[in-house]
1. Step by step: first the residues of segment 124-137, then only those that are in a strand (DSSP E or B) and out of contact with any helix residue (DSSP H, G or I) (no Cβ under 6 Å at 6 or more places or on another chain), then the one that is surrounded by the fewest Cβ atoms within 10 Å (Cβ to Cβ). Which residue is that?
2. Could you please give the count of residues in segment 297-323 that are out of contact with any helix residue (DSSP H, G or I) (no Cβ under 8 Å at 6 or more places or on another chain) and not aliphatic (A, V, I, L, M)?
3. Of V262, V238, which residue is surrounded by 19 or more Cβ atoms within 10 Å (Cβ to Cβ) and assigned to a loop (DSSP other than H, G, I, E, B)?
4. If you go through segment 77-131, how many residues are of a type in the set (D, E, K, R) and at positive phi?
5. Output the residues belonging to segment 95-115 that are within 6 Å of the ligand (Cβ to nearest atom) and buried (at least 22 other Cβ atoms within 10 Å of the Cβ).
6. Considering segment 50-70 alone, what residues qualify as being surrounded by 16 or more Cβ atoms within 10 Å (Cβ to Cβ) and either closer than 17 Å to A16 by Cβ or in contact with an Asp or Glu (Cβ under 7 Å, 6 or more places away or on another chain) (or both)?
Amino acid sequence: MTDLDIRVLDDAHFRAAHTLFRSTLHHGPSTDEAWESVGISYRSGQALGAFADDELVGTVQTFPSELAVPGGAVVPMSAVSRVGVRADWTRRGVLTALQRAQLRAMRDAGDVASSLRASESVIYGRFGYGVATRYREVRVKRVETRSRLPIAGRVRLVDAERALPLCQELFDRLSPGRAGTIARWPGHWDVNLRRVAKEENLRFAVASGPDGDDGYAVYKVTPGSWEHGHEKPTVLAVLDLWAASPRAWADLWTFLLGVDLVGEVVAEGRPLDEPLEWLLADRRGLRSVDLGDETWLRLLDVGAALAARTYRAGEPVVLGVRDRFLPENEGAYRISAGGASRTTDEPDFVVDVDVLAAAYLGDVTFGALAMTGRFESTSADAVARADALFAVDELPWCGTYF
Ligand SMILES: CC(C)(COP(=O)(O)OP(=O)(O)OC[C@H]1O[C@@H](n2cnc3c(N)ncnc32)[C@H](O)[C@@H]1OP(=O)(O)O)[C@@H](O)C(=O)NCCC(=O)NCCS
């Protein structure tokens, strides 16, 4: 095979890298207008390219972020995105070479973790990524059900230009907060909301209470139609919703469920434990139509990650960790209610780093992972001790797509 050269990309290659990435998703190049907003999300040092005979054949990118972990601490994290290998170069180790370089670069830069959204679930486990948060998609038949509550505060519509800084400021106040939530990097708003708001008819609803603005929802309404004698309902899609208090949360949903001439309210990517059905007059008006993997998490510095989160009361356990890509993570870690640190003790059981990532935020138990053959343990007691220590009160959730 031709030697691959992995290089840090600079301005001269950003547009070509983006075009390559889009082509791997079967899209054409960005228009000049789209590039105006997308281009600013390419920053020096954050994109890698794989070159074969001086030709760009693969690319990956990172965005600087932070991740909230159980207990409320926040650790430096890179959000990995725009992963693509040219179709005539796939399955020849290009992504593996890019991953190897990227994992090393992120770890050396001081990131404790990295995370991504996976196009296919079979790709990233081998590089140490595990599914650490999940989302659910809900559909509410609005004609059948309404909110049980009146709006207690105030919800007002704000035009995009004024709403965007307001939403951004509110978001930054609320996230990273719940374990699994992340900080959004500057270009995120430009690419995901500002640009879309220009192209599509996005609406911004801002909630306020006695202490001022405390939540927002971004939504889009797609008018219904008649097609072949069948009615397609008008759909209100909730794209982003964050609330600082239960009142703001209920007010925003009550508002969204009350918008006239809407047949269905749809929200993708919501937390599994969001109690929306309890807010409805008729809970069966809501259907959970999808439950998917959200955050694929990679612990780059296992020691720092384990030390950053808190643990519940319980007997200590010693975890062994295997990591093919970052061998400095390999070893044993003693976890107790008081914290976590490296140890020379024999581990009670050993897990691959992707398995540890899956359990790290508390979304899945070690018990479930052992039961499904993700690791072997001769001690059910040790697995139960680990589960007692890693247990969390609130399910982790990210809520930011990238
Ligand atoms: C996913 C993608 C980046 C993989 O790149 P690649 O260069 O083919 O990956 P590699 O050759 O390094 O593969 C490494 C291993 O992963 C496996 N693998 C990679 N992608 C896979 C896929 N989509 N399905 C199944 N296995 C896959 C390879 O078979 C190989 O396995 P092995 O180590 O047992 O031999 C590439 O297929 C692609 O660009 N796909 C379209 C865009 C996309 O989905 N991007 C990801 C966005 S999150």
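The values are calculated or read from the model by the stated rules, or taken from the named source; none is laboratory data. Values in this document were obtained by computation on a predicted structure and should not be read as measured data. Cβ sites come from the backbone with ideal geometry, for glycine too, and all protein chains shown count toward neighbours.
1. The residue in question is E137.
2. Count: 2.
3. Exactly one residue qualifies, and that residue is V262.
4. Here is the first cut: in segment 77-131, the ones of a type in the set (D, E, K, R) are 82, 86, 88, 91-92, 100, 104, 107-108, 111, 117, 120, 126.
Next, from what is left, pick out any that are at positive phi: 82, 91.
Here the count works out to 2.
5. Within segment 95-115, the subset within 6 Å of the ligand (Cβ to nearest atom) is 95-96.
Result: L95, single match.
6. A50, F51, A52, L56, V57, G58, T59, V60, Q61
So that you can scan it fast, the table gives a plain yes or no per residue for (1) assigned by TED's automatic domain parsing to the domain that holds A244; (2) aromatic (F, W, Y); (3) assigned to a loop (DSSP other than H, G, I, E, B); (4) out of contact with any strand residue (DSSP E or B) (no Cβ under 6 Å at 6 or more places or on another chain):
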site	(1), (2), (3), (4)
A118	no, no, yes, no
V122	no, no, yes, yes
V140	yes, no, no, no
T145	yes, no, yes, no
L149	yes, no, yes, yes
A152	yes, no, yes, yes
V155	yes, no, no, no
R162	yes, no, no, yes
P165	yes, no, no, yes
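Residue-wise test of (1) farther than 29 Å from R104 by Cβ; (2) surrounded by fewer than 20 Cβ atoms within 10 Å (Cβ to Cβ); (3) modelled with pLDDT of 95 or more.
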site: R322; (1), (2), (3): no, yes, yes
site: N329; (1), (2), (3): no, no, yes
site: A332; (1), (2), (3): no, yes, yes
site: G338; (1), (2), (3): yes, yes, yes
site: V355; (1), (2), (3): no, no, yes
site: S379; (1), (2), (3): yes, yes, no
site: A384; (1), (2), (3): yes, yes, yes
